[in-house]
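Notes to accompany the following structure.
Every number here is computed from the coordinates shown, using simple stated rules; none is lab data. It should be emphasised that the depicted structure is a prediction, and the values quoted were computed from it without experimental measurement. Note that we place each Cβ from the backbone using ideal geometry, even for glycine, and neighbour counts take in every protein chain shown.
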Amino acid sequence: MRAFSTILATLLAVSGFSMEQVSREETKMIGIEIRTSNAPEAAPIDIPKHWEKFSAENIFERIPNKKSHDVIGLYCEYEGDFTQPYTFVIGCEVESLDDIPEGMVGKMVPASKYARFPVSGDFPQSLINTWKRIWQTDLQRTYTCDFELYGEKFQGEGQELDIYIAVE
């Protein structure tokens, strides 16, 4: 598997598409969820509206016990591969799931190996393009939990973020 990851990372880098394999510990998060899919009539409408709700209802400020100011877009509970329905949660990593506000959910993001894809450029088109390229790779995905991490670099001019794809 390590050789495959090294070859894939090299091929992606040569094509201007970078990826790095990392391990992450189990984390807890609280946020708001929707059920959607990548079908043309669903995700392009559902996900932006969900982000609008996160902002309009000031969800970030209402999440207790946040570990940082980072925001996570979590893809989980896949019915199959990326072409099938899944749950999308917008929220934050928290210390505990003991206090989940009404209308929100708590999720456990399992410890896993991830392929990390940095995203930069004209947002949201850079994010959309990166996802399309990920879907074309031969990554051995687990379809457990994948996520977008919007940290400090996203708040600046460059709007940089990372996509983490759980891999075997």
query = Rounded to the nearest 0.05, what FRET efficiency do Thr142 and Val105 have when you use their Cβ-Cβ distance and R0 = 22 Å?
reply = 0.55
key: Cβ-based exposure ranking for Trp131, Trp51, in which fewest neighbours within 10 Å come first   = Trp51, Trp131
Tilt relative to the chain, helix 2-14 - C-alpha long axis, 0 to 90 degrees, to 10 = 90
message = I need Val105, Val89, Val94 ordered by Cβ neighbour count within 10 Å, fewest first.
response = Val105, Val94, Val89
note = Under the Karplus relation with 6.51, -1.76 and 1.60 and θ = phi - 60°, whole-Hz ³J(HN,Hα) for the stretch 22-32, x at Gly and Pro, equal 9, 10, 10, 6, 4, 9, 10, 9, 10, x, 10
ask   = Assuming a viscosity of 1.306 mPa s and a temperature of 10 °C, what translational diffusion coefficient in µm² per second does Stokes-Einstein assign to the chain, Rh being the Kirkwood radius over Cα pairs?
value = 96
request  = Please name which of Gln136, Thr27, Gly151 has its Cα lying farthest along the dipole of the chain towards the positive end, using unit charges on Cβ (Lys, Arg +1; Asp, Glu -1) and the Cα centre as origin.
outcome  = Gln136
inquiry  = So if I place +1 on the C-beta of Lys and Arg and -1 on the C-beta of Asp and Glu, and nothing else carries charge, what would the dipole magnitude of the stretch 19-167 be about its Cα centre? I want it in debye, nearest 20.
reply    = 240
